[in-house]
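Single-structure report; data block below.
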Amino acid sequence: MNFAHKLRKLFHPELVGSIGEHIHRAFHPVSARRLQRELEMDPSWEKLRRKYPRGIKEVHRFGDTKFWIKRNVERAQDLSLDRGRRLHILDLGCGPGFFLYVAERLGHTGVGLDIDEQAIFRDTLRLLKVKRVVHCIRPRFHLPAPGKKFDLITSYLTCFHRLERLRDGNWRTWSTAEWQFFIDDVRANQLKKGGMLLLEFHPQKNGELYPADVRELFLKNRARVFRSKVFLK
């Protein structure tokens with residue numbers, strides 16, 4: 001019985017998928033170090049870190065080009081952006097713009113979409129030469145009409161579905177009806193035929209990525225769920 005349990009764990013889809021990601025990265029290397037070195041040749045990055053001293057929380061996070069380039073190279077490789085056809089990408093909640101920067105260095109085109117609250121994001125987007133549309137995603141409201149539809153829409157560390165902080169530290173989030181509106185809008189108005197939407201969630205304080213009924217809704221929409229990621233076409 002114990003052996004059978006171990007065998008099931010060995011062939012669990014998430015473990016197989018994780019191994020697949022690591023194999024892909026190993027056989028299709030992209031030099032995050034080279035991309036980061038090229039960025040740091042611009043003295044503006046050091047000026048940015050002086051503008052936002054290390055004691056300011058967001059600089060430790062978003063002025064760290066080594067960390068963010070490495071993370072987003074891995075994200076790009078997991079989506080096979082380092083090979084295959086060139087894509088037009090929309091990055092929801094693009095933040096400082098590192099994902100789109102890496103994607104563009106790999107030959108793709110893209111635009112970010114985000115609110116305009118962090119001054120450091122304005123500075124990093126300018127340094128990275130990443131285009132951003134300022135927009136707040138709200139439940140039951142359409143996304144801005146694109147000039148042309150996208151092959152890929154990404155949302156890393158998704159939080160636009162969070163409505164209000166509860167007393168226990170968790171968030172009240174979108175209902176299934178609000179998620180369905182969003183999915184229908186993306187499919188009808190944003191994605192090209194055959195395109196893909198990737199939502200990557202991070203857990204709430206209670207460890208929940210999203211409620212069980214929302215997961216069922218994703219599955220009813222033919223989503224592929226892998227760890228914290230939801231893939232929809």
Selection status of Glu104, part of a loop (DSSP other than H, G, I, E, B) and either open to solvent by 20 Å² or more (accessible area, probe 1.4 Å) or without any contact (Cβ under 8 Å) to a residue 60 or more places away in the chain (or both):
no
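For the stretch 187-203, name all the residues that are under 11 Å from the mean Cα position of the chain (by Cα) and either surrounded by 13 or more Cβ atoms within 10 Å (Cβ to Cβ) or part of a helix (DSSP H, G or I) (or both).
Residues satisfying the conditions are Leu197, Leu198, Leu199, Glu200, Phe201.
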Give just the number: which of (1) assigned to a loop (DSSP other than H, G, I, E, B); (2) at pLDDT 95 or above does Arg54 not satisfy?
(2)
Which residue is least open to solvent (accessible area, probe 1.4 Å), if the candidates are limited to the stretch 74-101 and must be in a loop (DSSP other than H, G, I, E, B) and among the aliphatic types (A, V, I, L, M)?
Leu81
Which of the residues belonging to the stretch 129-158 are within 18 Å of the chain's Cα centre (by Cα), under 30 Å from Glu46 (Cβ atoms) and surrounded by fewer than 19 Cβ atoms within 10 Å (Cβ to Cβ)?
Lys131, Val133, Val134, Leu157
So Glu21 clears everything in (1) open to solvent by 90 Å² or more (accessible area, probe 1.4 Å); (2) modelled with pLDDT under 95; (3) farther than 23 Å from Arg132 by Cα; (4) assigned to a helix (DSSP H, G or I) except one condition, right? Which one?
(1)
Total residues in the stretch 216-231, condition part of a strand (DSSP E or B) and among the charged types (D, E, K, R):
2
Failed condition for Ala212, given (1) open to solvent by 60 Å² or more (accessible area, probe 1.4 Å); (2) among the hydrophobic types (A, V, I, L, M, F, W, C); (3) within 16 Å of the chain's Cα centre (by Cα), with all others met?
(3)
Condition first: within 21 Å of the chain's Cα centre (by Cα) and either under 16 Å from Val230 (Cα atoms) or charged (D, E, K, R) (or both). Now tell me which residues in the stretch 159-171 satisfy that.
Cys159, Phe160, His161, Arg162
Selection within the stretch 139-197 - within 25 Å of Gly97 (Cβ to Cβ) and polar (S, T, N, Q):
Thr154, Ser155, Thr158, Asn189, Gln190
Considering the stretch 107-126 alone, what residues qualify as being open to solvent by 20 Å² or more (accessible area, probe 1.4 Å), within 19 Å of Asp64 (Cβ to Cβ) and of a type in the set (S, T, N, Q)?
Gln118
Checked the stretch 151-186 for anything on the phi > 0 side of the Ramachandran plot and either β-branched (Val, Ile, Thr) or not in a loop (DSSP other than H, G, I, E, B) (or both); matches are Leu157
Exactly one condition in (1) more than 23 Å from Phe226 (Cα to Cα); (2) part of a helix (DSSP H, G or I) is false for Leu113; which is it?
(2)
For residues that are open to solvent by 70 Å² or more (accessible area, probe 1.4 Å) and farther than 15 Å from Lys66 by Cβ, tally how many sit in the stretch 28-49.
3
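The values are calculated or read from the model by the stated rules, or taken from the named source; none is laboratory data. Not measured: the values here are computed from a predicted model. Neighbour counts are summed over all protein chains in view; Cβ atoms, including those assigned to glycine, are modelled from backbone coordinates with ideal geometry. Calculation scope for accessible area: heavy atoms of the full protein, side chains included, ligands and nucleic acids excluded. Shrake-Rupley method; radii C 1.70, N 1.55, O 1.52, S 1.80 Å.
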